[in-house]
């Protein structure tokens, strides 16, 4: 297992957002966090990344207990994060947004600027564009590309398919398959079940801050009760 | 009349450049750390006193004092950020103001203990003690030198922020510290670095002021910090471009005020600030919130 969460409890102020969340992700697997809006998927990813540190519980990454470490320490251990609001640095160019990730993470591996440009050719044509002036779709590619530039072992993707046209969602599925092909493990939170079914091996379903069901994607999709109770909109 | 106007302008520009030197550090620290550092004026004062002491140790070599003095103040800035300010970032702004204001009082008294409460006459700089004739009147060479230093500092800062990776990382962290941290930027270390650099800028201002102001007094930081605050506010908090422009305006305004309506000298500056805040609360280059 590359990542194991055990009994993770996270609070926003006094509100108990994650309640005893346990989950695991295997190396080179693509795993989905499923559930409706506001159930704690984003908070789970933020807890792993150290952005909203849990109050209790254990997070083991690559055999190391990492709970309580600051985000920058996790980044250098090999976790990268694409937030749902993308968080492109508005003042830096497209190219600088990519390079900064490689520079500060100081990890080497398959991914570099030209490999990311191969994956998203539009980022090459927008090289000198300021982050501020990029479209939503471009920002999404840039945010994902930036995460890869750090050469992570694990990427956390928050709502990768959200707001994308169906054709682009299909492209994104190919991209995620390419990423996993280069031994990057993916944990993503998404509400698009068709997309998740296409790219994910397994899914963990969260409901009101608790883990309620874990299974293979096929298993989840074929259990009508689970889909109806936790996932149907 | 024209000669007089030229000289009022020159005096205003050199004063403006002083305010800019102090305001640049203040603005950089606010832009990146989000802290309004009242003690920045104290760093200016300490810069002046350290330079003065060092230059008298090194047989009146002003440049050696100027090179070493601000570095000593950087050590002070490091202690302030690393062991005090760091613990109040997560608190509301008033706590940060209170803490930095406490340092103003501490440093003022420290200077009184170490250097005495009276004022100290400052030495002249070899080669720059004289004046040059401009438009038929004498203008201090040293003031011309300051007018050259100000834009050089501005250019240096711009190059550092725009063209180096350290600068890009600073800009990234100041626009989104959480995302910068998630990418691997050691934000606490970066904050310390920026604070110490800002301290150095303020202390350089103080060091350069030694021959300019003529007298060193405990509390000499307070006057300049108020000017620097006004400049930072009208330029747009956190905007270096705004601080540069603001410093030029305040320098010129106060120079013209002193010359033509001396009794309203300070008044004019605050009228301008009130006007700018009414017309554009975020300042010239600030972002509307």
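Just so you know, all these numbers are worked out from the coordinates, no wet-lab data involved. As the structure is a prediction and not an experimental result, all values here were calculated from the model. Positions of Cβ are backbone-derived with ideal geometry, glycine not excepted, and every protein chain shown enters the neighbour counts.
General observations
- Alpha carbon centroid spacing (whole Å) that separates the range A:133-152 from the range A:26-89: 18 Å
- Cα-based radius of gyration of the range B:2-279 once divided by 2.2 N^0.38 Å, which approximates compact folds: 1.00
- Percent of beta bridges antiparallel (DSSP, the protein assembly as shown, rounded to nearest 5): 60 percent
- For chain A, built as a Gaussian network whose Cα springs stay under 10 Å, the top-fluctuating residue of A:131, A:78, A:181: A:181
- Sorted ascending by nearby beta carbons within 10 Å, beginning with the fewest, A:206, B:105 become B:105, A:206.
- Think of it as helices only: each DSSP H run of n ≥ 4 in chain B is worth -39500 (n - 2.57), and spread over all residues that comes to -25500 deg cm²/dmol at 222 nm.
- A full extension of the chain between residue B:90 and residue B:271 corresponds to an added length of 61.8 nm, given 0.36 nm per residue minus the alpha carbon distance.
- Theoretical ellipticity at 222 nm over chain A - DSSP helices of four or more residues, -39500 (n - 2.57) apiece, nearest 500: -10000 deg cm²/dmol
- Angle of helix A:136-149 to the longest C-alpha principal axis of chain A, folded into 0 to 90 degrees and rounded to 10: 90°.
- Extent along principal axes [Cα atoms of chain A; Å; largest to smallest]: 48, 38, 31
- Nearest-ten-degree value, helix A:94-105 long axis tilted from longest Cα axis of chain A: 60 degrees
- The GNM of chain B, with springs linking C-alpha atoms under 10 angstrom apart, assigns the highest mean-square fluctuation among B:23, B:173, B:48 to B:173.
- Length released on extending from residue A:115 to residue A:208, taking residue separation times 0.36 nm less the Cα-Cα span: 29.6 nm
- Residue-averaged beta-carbon neighbours from other chains (10 angstrom radius) around B:171-180: 6
- A Förster radius of 30 Å, combined with the Cβ-Cβ distance separating residue A:225 from residue A:183, puts the computed FRET efficiency at roughly 0.25.
- P(r) of the protein assembly as shown over all Cα-Cα pairs, binned every 10 Å from zero, in whole percent: 4, 17, 23, 19, 15, 12, 7, 3, 1, 0
- Exposure proxy ranking for A:176, A:48, based on other Cβ atoms within 10 angstrom of each Cβ and starting from the fewest, stands as A:176, A:48.
- Chain B: angle of helix B:165-175 to the longest principal axis, Cα-based, in degrees nearest 10: 70 degrees
- For the pair residue B:82 and residue A:56, a Förster radius of 22 Å applied to the C-beta separation gives a FRET efficiency near 0.15, rounded to the nearest 0.05.
- Convex hull volume of the Cα atoms of the range A:87-151, normalised per residue: 66 Å³.
- Taking A:128, A:6 and counting other C-beta atoms within 10 Å, the order from fewest to most: A:128, A:6
- Label-point separation, residue A:28 to residue A:6 (7 Å along Cα→Cβ), nm: 2.7 nm
- Span from the the range B:231-266 Cα centroid across to the the range B:36-86 one, whole angstrom: 25 Å
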